[in-house]
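The block underneath contains the structure these notes are about, expressed in structure tokens.
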Amino acid sequence: MKIQERLLKFVTRTNWVLLTLASALGLLWATPAFTGGIICGGLIVTINFHLLYRTLKKALVPTSLTSHNVILAKYYARFIISGLIIFVLIFKHIVNPIGLFIGLSVVVVSITLATLVEFKNLFLKEAV
């Protein structure tokens with residue numbers, strides 16, 4: 001398995017594990033608005049990550065390379081839609097902004113963990 005596939009698989013799984021764990025902890029110890037923020041933020045960022053993966057996978061197939069303008073248009077459309085959803089969630093006081101921030105951090109934490117695991121694997125291979 002290529003390193004890219006392994007990293008993508010790790011990040012995708014870790015996104016859902018972290019979202020589930022953070023949501024469960026929120027349900028146990030936080031207010032419903034805070035927990036709702038964690039869940040909404042985590043779903044927004046995880047779905048965006050998945051859609052970005054699908055866009056890039058389709059765009060980079062050698063038989064049908066997509067224009068970079070199409071990729072950018074899809075990226076900005078997702079960005080604007082996510083921004084509007086986040087604005088409504090905060091403006092209408094549906095969720096707690098700090099909980100939302102924690103939820104939105106799920107992918108960043110997943111990517112950081114993937115990087116640390118990959119560095120560990122790389123350095124352990126060299127040491128052996």
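Couple of notes before you dig in:
- Per the listing I94, I38, the residue uniquely touching a residue at least 24 places away in the same chain (Cβ under 8 Å), under 18 Å from S105 (Cα atoms), surrounded by 13 or more Cβ atoms within 10 Å (Cβ to Cβ) and not charged (D, E, K, R) is I38.
- Among helices (runs of 4 or more DSSP H) entirely within region 55-128, having at least 1 residues that are among the acidic types (D, E) and more than 16 Å from N15 (Cβ to Cβ) singles out 106-127.
- Subset of region 23-32 (residues that are assigned to a helix (DSSP H, G or I) and either open to solvent by 40 Å² or more (accessible area, probe 1.4 Å) or within 16 Å of V108 (Cβ to Cβ) (or both)): A24, L25, L27, L28, W29, P32
- Unmet criterion (only one of (1) open to solvent by 40 Å² or more (accessible area, probe 1.4 Å); (2) touching a residue at least 40 places away in the same chain (Cβ under 8 Å); (3) not acidic (D, E)) for I44: (1)
- Failed criterion for I81 (all others in (1) open to solvent by 60 Å² or more (accessible area, probe 1.4 Å); (2) touching a Pro at 6+ places or on another chain (Cβ under 9 Å) hold): (2)
The values are calculated or read from the model by the stated rules, or taken from the named source; none is laboratory data. Values in this document were obtained by computation on a predicted structure and should not be read as measured data. For neighbour counting, all protein chains shown are included, and Cβ atoms are generated from backbone atoms with ideal geometry for every residue, glycine included. Just so you know, the surface numbers come from the protein's heavy atoms only, side chains and all, with ligands and any DNA or RNA stripped out. Shrake-Rupley method; radii C 1.70, N 1.55, O 1.52, S 1.80 Å.
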